[in-house]
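Take a look at the structure set out below.
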Amino acid sequence: MTPRPIRKLLVANRGEIAVRILRTCRERGIATVAVHSAADADALHVRLADQAVAIGPAPSSESYLVADKVLEAARQTGADAIHPGYGFLSENAAFAQACQDAGIVWVGPPPAAISAMGDKTEARKLMAQAGVPMAPGTRDAIGDPAEAERVAGEIGYPVLVKAAAGGGGKGMRVVERAEDFAGSFERARSEAQSAFGDGRVYIEKYLVGPRHVEIQVLADAHGNVVHLFERECSIQRRHQKVIEEAPSAVLDTELRAAMGEAAVQAARACDYVGAGTVEFLLDANRDFYFLEMNTRLQVEHPVTELITGLDLVAEQIRIAEDEPLGYEQDDLAIWGHAVECRVYAEDVPAGFLPAPGPLLRHRPPSGPGVRVDAGVEEGDEVPVFYDPMVAKLCTWGRTRAEAIARMRRALDEYDVAGIRTTIPFCRTVMDHPAFTSGDFDTGFVAEHFDAATLAPSPEAERMALVAAALARLDATPTPSGNGAATPAVSRWARRRTLRG
């Protein structure tokens, strides 16, 4: 086929990922369209796009998740392509098919691949056939509680009960003992039904103390598939990632090659085209097992971009335009190390609960080796209706130690007022010996932190209020008694005071 250049692209998303996609489109000379709910009428992604279309009220169920409204916005504006970002409609096979049926280029994988990998039980069967390592467990969904309990006993406790149609930790229960199985099984089914409209669950062996390591893959429509190495995603809360890095601190050349080849096999098994991520659990014996495949761009994709030099959104667009990759596995190499901290509007001491509100001050860090992907600016509001992410803060260094040192500096420099964020938590992690040594797993947060250790002291709270007030004076020196300017208070010095 002859490559078909995209002229105008609609971003079917919001927040930082919408801004991220818009920027690559601007670099490639592609006109852009934003869609927005009533709550996002003046959002950053709306301000940056060439055109914007309102698609409904604030709730995503009435706006961003309504496929017909997004398609109508594309028709109204003459957009010839749609990029779904992540979340919302990004892994909706019916929406992908509807785009293609309407003659709109879908910047994502084929609908059949989305369907195959979106159903976790079907994906497990497909991966087993392809020879991808699998943890012990059922290949099919299981509905009979008595049969499920019998299977769990054969696998051996602890086990996981997991939603067949889900992800993100929803519809998932760890069962340590046989006497707890029946209740956990029913709760998992109920949550899966509520979250995904599908109550099917399956059972697999629960690995104690695993690391969460994922492999980024790219595949074109001409049969070329490569992997872009791994990302370490073991620092999680509520089974959701909060700090990622690339490469992993524990993979050597041999294990990296084996996991990369397994990921490529997984992509080939479902005839994948585009950018995708194959997630694995790595146990203490350095054995790895397929977890799931995300058929979209990942939140944490910037760390892969930093160590490979590739723009993954640009690669997605090139693939959607039917261009070949233009490189092979041997052409790719790891360059340095990158760390990402997700800055959420969350109340960490309260259990990482969402804490949306007005960004009275938002001054992200900068300087060598620092990248900030933000979906908001100072004066904006973090709305209550959506994921409370403020920004993704990434640092790059020649070594892991250098990347972590830069992250410490960047977190100290990050200046936010008006909302609680995960910045203090991320800063604490950067100093934790388990993290700096690389000796950690998915239980890191539960093992090393509790509400008491994460809660700021009353003095720190008072100093934070003082710092927010002083921050507004930083840009304008005030006269001292002798007519000289009073130097501004160092932001880093204030951070050291608050932590001390």
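What follows draws every value from the coordinates through simple rules; no lab data is involved. On a predicted model such as this, the values are computed, not experimentally measured, just so you know. Glycine also receives a Cβ, built like all others from the backbone with ideal geometry; neighbour counts cover every protein chain displayed.
Extension gain Glu254-Ala54, at 0.36 nm per residue separation less the Cα-Cα distance, in nm?
Extra length from Glu254 to Ala54 when fully extended: 67.0 nm.
Between Thr399 and Arg139, take the C-beta separation as r, use R0 = 35 Å, and let me know the FRET efficiency to the nearest 0.05.
Working from the Cβ atoms, E equals 0.25.
Based on Cβ point charges of +1 for Lys and Arg and -1 for Asp and Glu, what charge dipole magnitude is obtained for the range 136-205 about its Cα centre, in debye rounded to the nearest 20?
My answer is approximately 240 debye.
Around Asp331, with a cut-off of 15 angstrom between Cβ atoms, what is the net charge of the other residues, counting Lys and Arg +1 and Asp and Glu -1?
For residues surrounding Asp331, the net value is -4.
Can you figure out the FRET efficiency of Asn285 with Ala314, using R₀ = 25 Å and their beta-carbon distance, to the nearest 0.05?
Taking R0 as 25 Å, the efficiency between Asn285 and Ala314 is 0.05.
Using 1/(1 + (r/R0)^6) with R0 = 25 angstrom and r between the beta carbons of Val151 and Ser194, what's the FRET efficiency to the nearest 0.05? Please report the intermediate quantities before stating the final value.
Details: r = 24 Å, r/R0 = 0.96.
Rounded to the nearest 0.05, the efficiency is 0.55.
Counting only other residues whose beta carbon sits under 12 Å from that of Pro84, what net charge do I get with K and R as +1, D and E as -1? Walk me through the numbers on the way to the answer.
Details: positive: Arg14, Arg296; negative: Glu91.
Neighbour charge sum, excluding Pro84 itself: +1.
Whole-Hz ³J(HN,Hα) for each residue in the range 32-39, computed from phi via Karplus 6.51 cos²θ - 1.76 cosθ + 1.60 with θ = phi - 60°, x for glycine and proline: what do you get?
Rounded to whole hertz, the list is 10, 10, 9, 10, 8, 7, 4, 6.
When the distances between all Cα atoms of the range 211-453 are binned every 10 Å from zero, what whole-number percent does each bin get?
Binned Cα distances yield the sequence 7, 31, 35, 21, 6, 0.
Among Val416, Ala221, Ala49, flag the residue with its Cα farthest along the positive direction of the charge dipole of the chain, charges on Cβ as +1 for Lys/Arg and -1 for Asp/Glu.
Projecting each Cα onto the dipole axis, the largest value belongs to Val416.
Which one, Val384, Gly199, Ala266, projects farthest toward the positive side of the charge dipole computed for the chain from Cβ point charges (K/R +1, D/E -1)?
Positive-end residue among those listed: Val384.
Compute the length gained on full extension between Gln129 and Glu261: take 0.36 nm times their separation in residues and subtract their Cα-Cα distance, giving the result in nm to one decimal.
46.0 nm
Residue by residue through the range 131-137, which ³J(HN,Hα) values in whole Hz follow from phi under the Karplus form 6.51 cos²θ - 1.76 cosθ + 1.60 (θ = phi - 60°), with glycine and proline marked x?
x, 7, x, 10, 6, x, x
Using modelled amide H (1.01 Å from N, peptide plane; none on Pro or chain starts), what sits under 5 Å from the amide H of Val382, excluding residues fewer than 5 places away?
Gly357, Leu359
Decide, for the range 235-285, between rounded, prolate and oblate: order the square roots of the alpha carbon gyration tensor eigenvalues as a ≥ b ≥ c, take rounded if a/c falls under 1.5, and otherwise choose prolate if a/b is larger than b/c, else oblate.
In terms of gyration-tensor shape, oblate.
Determine the gain in length on full extension of the stretch Ser437-Glu378; use 0.36 nm per residue of separation and subtract their C-alpha separation, reporting nm with one decimal.
17.7 nm
Ordered by residue, what ³J(HN,Hα) values in Hz, to whole numbers, does the range 223-239 give under the Karplus form 6.51 cos²θ - 1.76 cosθ + 1.60, where θ = phi - 60° and Gly and Pro are x?
x, 8, 9, 9, 10, 10, 6, 10, 10, 8, 10, 7, 7, 9, 10, 6, 6
Specify the inter-centroid distance of the range 364-428 and the range 36-73, based on alpha-carbon positions, in whole Å.
About 26 Å separates the Cα centre of the range 364-428 from the one of the range 36-73.
Neighbour counts of other C-beta atoms within 10 Å: give me His222, His227 arranged from fewest to most.
His222, His227
Within a Cβ distance under 9 Å of His362, other residues only, what is the Lys/Arg minus Asp/Glu net charge?
-2
Under a point-charge model restricted to the Cβ atoms of Lys and Arg (+1) and Asp and Glu (-1), what is the dipole moment magnitude of the chain relative to its Cα centre, in debye to the nearest 20?
Numbers: 53 positive and 70 negative charges, 265 e Å.
Its charge dipole is roughly 1280 debye.
Given H placed 1.01 Å from N in the peptide plane, which residues other than close sequence neighbours of Gly56 have an amide H under 5 Å from its amide H?
For Gly56, whose amide H was placed from the backbone, the distant partners under 5 Å are Ala38.
Shape of the range 289-426 from its Cα gyration tensor (a ≥ b ≥ c, root eigenvalues): rounded if a/c is under 1.5, otherwise prolate when a/b > b/c, or oblate?
In terms of gyration-tensor shape, prolate.
Taking the beta-carbon count within 10 Å as an exposure proxy, list Thr277, Thr428, Thr399, Thr442 from fewest neighbours to most.
Thr399, Thr428, Thr442, Thr277
Just to be sure I understand the model, the point goes 7 Å from the Cα along the line to the Cβ. What's the resulting Ala41 to Ala178 distance in nm?
The modelled label-to-label distance comes out at 6.2 nm.
Looking at the chain, which Cys residues are left with no other cysteine's beta carbon under 4.7 Å from theirs?
Flagged as lacking a Cys partner: Cys25, Cys99, Cys233, Cys270, Cys394.
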